[in-house]
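Everything below concerns the one structure shown next.
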């Protein structure tokens, strides 16, 4: 059985350094052979830390989606340029065909990336649910410990009363 490490909850309105430290602690707790390891890759950690240093908070999925849409717009613009130039030269026809292949490759990669992103999102949701459940169990356990401590104090008082009576 592996040893469970407790990661302290991030305080409200933490400093940038506290956020980076928390991120490093969470990343260190993710096994290399786990599904979440890619979410905490060195490159991803560096990127997030850079965002924190620059005071930039953004939605990763939104950034990815924007970049893909922007790339698609650029590819579509280039396609239109090639179509216009194709009327003037046969050379443009070969360029257009090459761009079509690139576009198909990009579409294929985009579809794969969307599937992977959805899987990561689903795994993240599951992990979040598990973390919330663990937090609930921890809360209930600490409540039970406090109740038992109170009960012990009461029993000690009764024992003391019985011994001094």
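This ranking places 123, 137 by how few other beta-carbon atoms lie within 10 Å of each, fewest first, which gives 137, 123. Between the range 45-61 and the range 116-165, the alpha-carbon centres lie 34 Å apart. Between residue 115 and residue 149, the C-beta separation translates, for a Förster distance of 45 Å, into a calculated FRET efficiency of about 0.35.
Compared with the direct C-alpha span, the chain from residue 71 to residue 156 gains 23.4 nm at full extension, assuming 0.36 nm per residue. When Rg and the Kirkwood Rh are both derived from Cα coordinates, the Rg/Rh ratio for the range 86-128 amounts to 1.43.
Helix content alone sets the calculated 222 nm mean residue ellipticity of the chain: runs of n ≥ 4 DSSP H residues at -39500 (n - 2.57) each, divided across all residues, give -27500 deg cm²/dmol.
Note the direction-averaged projected area, equal to a quarter of the hull surface, for the Cα convex hull of the range 9-57, in nm². Walk me through the intermediate numbers first.
Values: hull surface 14.2 nm².
Mean orientational projected area (the range 9-57, Cα hull): 3.5 nm².
Of the residues 56, 30, the one with the fewest other Cβ atoms within 10 Å heads the list, and the complete ranking is 56, 30.
Normalising the average separation of contacting C-alpha pairs (under 8 angstrom, six or more residues apart) by the number of residues puts the relative contact order of the chain at 15 percent.
Taking Cα atoms only, the orientation of helix 42-53 departs from the longest principal axis of the chain by about 80 degrees.
How far, in degrees from 0 to 90, does helix 16-28 lean away from the longest principal axis of the Cα atoms of the chain, to the nearest 10? Taking the Cα atoms of the chain, the angle to 16-28 is about 90 degrees. For the range 61-157, the Kirkwood estimate of hydrodynamic radius, built from reciprocal distances between every pair of different alpha carbons, is 18.6 Å. Remark: spin-label model distance residue 100-residue 126 equals 4.1 nm, labels positioned 7 Å along the Cα→Cβ axis. Taking the C-alpha atoms only, the angle from helix 91-164 to the longest principal axis of the chain is near 0 degrees.
Indicate the gyration tensor shape class of the chain (rounded, prolate or oblate), computed on the Cα atoms with a ≥ b ≥ c the square roots of the eigenvalues: a/c under 1.5 is rounded; otherwise a/b larger than b/c is prolate and the rest oblate. Since a/c reaches 1.5 and a/b is larger than b/c, the shape of the chain is classed as prolate.
Read-outs: derived from the displayed coordinates by stated rules, not from any lab. Note that the coordinates shown come from a computational prediction; the quantities given were computed from them, not determined experimentally. No Cβ is skipped: glycine too gets one built from the backbone with ideal geometry, and neighbour counts run over all protein chains shown.
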